[in-house]
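Structure record follows, encoded as structure tokens.
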Amino acid sequence: LASSCGDGPRSSPLWFLYEEERIWLFGTDKDSFIQRLLDEPRCALSIVDLNLDGGVLRHVGVRGIATVHVVNSNRLKRFVGRYLGNDEETWNKWFVENIVDPLNRMVEVDLETVVAKDVSFFKTGPNLAK
């Protein structure tokens with residue numbers, strides 16, 4: 001996530017969820033990226049799919065407007081499930097208690113522009129990318 005403040009641009013690596021043709025991010029009131037988006041909702045995101053051994057490199061760049069909401073517990077579960085799997089019983093309890101449970105804000109990014117590039121042939125050539 002790229003955002004800005006009075007001191008200039010900032011970049012925050014974040015997990016994300018794509019639903020309803022929007023990108024959803026999660027944080028807390030204490031997170032600096034939440035505060036920056038409240039002050040300046042214009043933002044950009046870069047999503048990269050990289051498999052160096054297979055020669056795969058795909059990139060999506062997004063510009064949009066962020067709206068900060070109170071967290072929705074159902075969306076939060078889908079967000080966490082995207083990374084930890086859908087079976088909540090298998091989720092690391094320490095991670096849930098210390099990282100997931102404190103999340104009280106979600107950011108809805110309304111996509112204004114999207115640019116997608118697939119340069120997967122960078123390592124092996126256009127006919128050999130896996």
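The values are calculated or read from the model by the stated rules, or taken from the named source; none is laboratory data. Owing to the predicted nature of the structure, the values given are computational and were not obtained by experimental measurement. Every residue, glycine among them, receives a Cβ derived from its backbone with ideal geometry; neighbour counts consider all protein chains shown. Heavy atoms of the whole protein, side chains included, go into the accessibility calculation; ligands, DNA and RNA do not. Shrake-Rupley method; radii C 1.70, N 1.55, O 1.52, S 1.80 Å.
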(request) Keeping every protein chain in place, order 11, 4 by accessible area at 1.4 Å, biggest value first, i.e. largest first. (result) 11, 4
(request) State, to one decimal in nm, how far the label point of residue 59 lies from the label point of residue 73, with both points 7 Å from Cα in the Cβ direction. (result) 4.1
(request) Just the number, please: carbon plus sulfur as a percent of the accessible area of the chain, 1.4 Å probe, no ligands or DNA/RNA counted. (result) 51
(request) Would you mind getting the accessible area per residue of the chain, heavy atoms of the protein chains only, 1.4 Å probe, in Å²? (result) 65
(request) With springs only between Cα atoms under 10 Å apart, run a GNM on the chain and tell me which of 66, 116, 44 wobbles the most. (result) 116
(message) Modelling each spin label as a point 7 Å along the Cα-to-Cβ direction, I'd like the residue 89/residue 21 distance in nm, to one decimal.
(response) 3.9
(request) For 16, 26, 121, write out the residues from largest to smallest accessible area, computed with a 1.4 angstrom probe and no ligands counted. (result) 121, 16, 26
(request) Before rounding to the nearest 500, sum -39500 (n - 2.57) across all DSSP H runs of length at least 4 in the chain and divide by the residue total; then give [θ] at 222 nm in deg cm²/dmol. (result) -4500 deg cm²/dmol
(request) Might you report the magnitude of the Cβ-based charge dipole of segment 1-91 about its Cα centre, with Lys and Arg at +1 and Asp and Glu at -1, to the nearest 20 debye? (result) 220
(request) Choose one of 46, 96, 12: the residue whose Cα lies farthest towards the positive end of the charge dipole of the chain (beta-carbon charges +1 Lys, Arg; -1 Asp, Glu; about the Cα centre). (result) 46
(request) Run the dipole for segment 57-122 about the Cα centre, Lys and Arg Cβ at +1, Asp and Glu Cβ at -1, nothing else charged, and hand back the magnitude in debye, nearest 20. (result) 180
(request) Let me see the pair-distance distribution of the chain: every alpha carbon pair, 10 Å bin width, integer percents in order. (result) 12, 35, 31, 18, 3
(message) Give the residue list of GluC sites (Glu not before Pro) in segment 1-88 that are DSSP loop and have at most 16 other beta-carbon atoms within 10 angstrom.
(response) 20, 21
(request) Sort 15, 94, 24 by accessible area with a 1.4 Å probe, largest first. (result) 94, 15, 24
